[in-house]
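Below is one structure; the comments refer to it alone.
The values are calculated or read from the model by the stated rules, or taken from the named source; none is laboratory data. These numbers were taken from a predicted model, which means no experiment stands behind them. Positions of Cβ are backbone-derived with ideal geometry, glycine not excepted, and every protein chain shown enters the neighbour counts. These area figures cover heavy atoms from the full protein model, side chains too; ligands, DNA and RNA do not enter into them. Shrake-Rupley method; radii C 1.70, N 1.55, O 1.52, S 1.80 Å.
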Amino acid sequence: MRTRTQVGIVGAGPSGLLLSHLLHLQGVASVIVENRSRDYVEHRVRAGVLEQAAVDLLKEAGVGERMVREGLVHNGIELRFGGRGHRIDFPSLTGGRAITVYGQQEVVKDLIAARLAAGGEIVFEAADVGVHGIDTDTPLIRYRKDGSEHEVSCAIVAGCDGFHGVCRQAIPDHAQHVFERTYPFAWLGILAQAAPSHEELIYAYHDRGFALFSMRSPEITRLYLQVAPDEDIADWPDERIWQELHTRLETDDGWRLNEGPVLEKGITPMRSFVCEKMQHGRLFLAGDAAHIVPPTGAKGMNLAVADIHVLTRALTAFFKSGRGDLLATYDATCLKRVWRAEHFSWWMTSMLHRFPDDDGFQQRLQRSQLDYTVGSRAAAASLAENYVGLPFA
Ligand code: FAD
Ligand code: DHB
């Protein structure tokens with residue numbers, strides 16, 4: 001069975017769904033091919049922080065109504081170390097900008113609803129997805145579903161299939177240059193049915209390792225702990241997780257973390273990764289398919305949104321005016337922002353985590369950097385400006 005469209009999109013994560021929606025608003029047709037079920041992608045718990053520019057884009061695109069209603073606008077974060085909290089105030093340091101806490105899976109639900117309401121086509125549970133002919137003007141996405149073979153024939157393929165997807169592999173090795181760093185730790189994350197016991201996010205630096213306090217709603221707390229990269233989740237019963245969180249988040253003034261039933265838990269590896277060549281022939285990569293940041297600083301989903309903003313503009317110029325210039329410079333445009341976020345995420349990660357082979361040198365540098373960051377307006381402004389996010393290209 002063969003379908004024809006203008007843009008064939010692989011992956012129904014934030015990147016693929018947002019691209020399909022924005023293209024639709026520009027009158028450009030697309031089909032999304034996703035290997036998981038709708039229920040699975042709508043309930044995959046991941047990122048939670050949206051930069052100001054991402055919030056503005058979702059609102060302008062008409063998919064921000066629930067985000068505005070249910071999202072939590074935060075005007076700062078706390079850096080917690082030495083038993084005390086130190087607040088970084090965003091609006092006063094960034095000319096009035098802020099962030100919004102709204103779960104990635106909620107963004108995904110809103111985008112799926114918008115696509116389906118507009119008659120958009122999303123193929124869920126597609127098996128053996130592959131991209132073909134990206135060096136020609138008529139590339140294809142092939143997949144199997146319900147026992148039969150399917151083909152989406154298109155003019156452009158958008159690889160929005162995340163880090164483990166198939167699209168990046170379609171770029172020949174000689175045409176791509178990959179940069180990668182892994183970190184000697186991972187994050188254990190939980191979602192708990194507990195009212196947040198602090199109004200803003202807390203990034204805690206502690207001798208036993210990093211901890212992060214976040215939230216999803218007035219009833220749900222999201223928490224993370226630095227653990228070993230090969231940690232087995234089975235070794236972390238709920239009581240051990242809570243005990244460790246209490247220890248790492250403790251303050252001298254007796255602040256208490258609220259506990260509640262653990263609804264979800266998982267371990268996320270930490271990696272920096274950039275594929276330089278986000279495009280090859282008629283294939284364009286976006287989001288995690290092209291780059292990964294360690295989660296400290298919450299840049300992953302925001303980078304995906306920024307890529308899609310650039311790609312939509314380039315594809316609209318291509319389909320509506322026959323202009324290829326913006327497509328030709330797509331990856332150069334994206335990579336500037338990508339490398340800024342790569343640096344910021346690496347910097348936040350390096351400042352806040354305990355390194356296993358440290359003889360105390362790194363810890364002293366970290367403590368000096370933390371003191372400087374909360375003590376100098378210039379240093380605090382640099383963190384704040386990167387955290388709320390630089391403007392889209
Ligand atoms: P994805 O969300 O990965 O979407 C890719 C989609 O493609 C998925 O739906 C996938 O099922 C589909 N797909 C994959 N392979 C194929 C295939 N062969 N065929 C068809 N479809 C395919 N960022 C933060 O800022 N904070 C966090 O706390 C955080 N936690 C994370 C936890 C985990 C476990 C992971 C993996 C990422 C996390 N991130 C976090 C990063 C953030 O979630 C990503 O940057 C964001 O999801 C990128 O969106 P995307 O659409 O590019 O990729
Ligand atoms: C969350 C995740 C992050 O990586 C981060 O830096 C802040 C918040 C979250 O899931 O809420």
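Looking at region 49-59, can you tell me whether even one residue there is under 20 Å from GLY16 (Cβ atoms), acidic (Asp, Glu), in a helix (DSSP H, G or I) and free of Cβ contacts under 8 Å to residues at least 40 places away in the same chain? For region 49-59, residues under 20 Å from GLY16 (Cβ atoms), acidic (Asp, Glu), in a helix (DSSP H, G or I) and free of Cβ contacts under 8 Å to residues at least 40 places away in the same chain: absent. Got at least one residue in region 351-370 being more than 17 Å from GLY209 (Cα to Cα) and in contact with a strand residue (DSSP E or B) (Cβ under 6 Å, 6 or more places away or on another chain)? Checked region 351-370: no residue is more than 17 Å from GLY209 (Cα to Cα) and in contact with a strand residue (DSSP E or B) (Cβ under 6 Å, 6 or more places away or on another chain).
Scan region 166-198 for residues that are open to solvent by 10 Å² or more (accessible area, probe 1.4 Å) and in contact (Cβ under 8 Å) with a residue 40 or more places away in the chain and the total you get is 20. Among the residues of region 42-77, those identified as open to solvent by less than 20 Å² (accessible area, probe 1.4 Å) and within 26 Å of GLY375 (Cβ to Cβ) are VAL49, GLU51, HIS74, GLY76, ILE77.
Looking only at residues in region 290-304 that are among the hydrophobic types (A, V, I, L, M, F, W, C) and near ligand 1 (Cβ under 6 Å from one of its atoms), the one that is nearest to ASP331 (Cα to Cα) is ALA304. Only one of the listed residues (ALA317, ALA298, ALA290) is farther than 21 Å from ALA211 by Cα, of a type in the set (Gly, Ala, Ser) and either open to solvent by 10 Å² or more (accessible area, probe 1.4 Å) or without any contact (Cβ under 8 Å) to a residue 24 or more places away in the chain (or both). That residue is ALA317.
Before we move on, is ALA29 out of contact with any Gly (no Cβ under 6 Å at 6 or more places or on another chain), within 18 Å of TYR102 (Cα to Cα) and not acidic (Asp, Glu)? Break it down stepwise before answering.
Details: out of contact with any Gly (no Cβ under 6 Å at 6 or more places or on another chain): yes; within 18 Å of TYR102 (Cα to Cα): no; not acidic (Asp, Glu): yes.
So ALA29 does not fit the description; no.
Residues in region 303-344 that are within 16 Å of ligand 2 (Cβ to nearest atom) and within 18 Å of ALA158 (Cα to Cα): LEU303, ALA304, VAL305.
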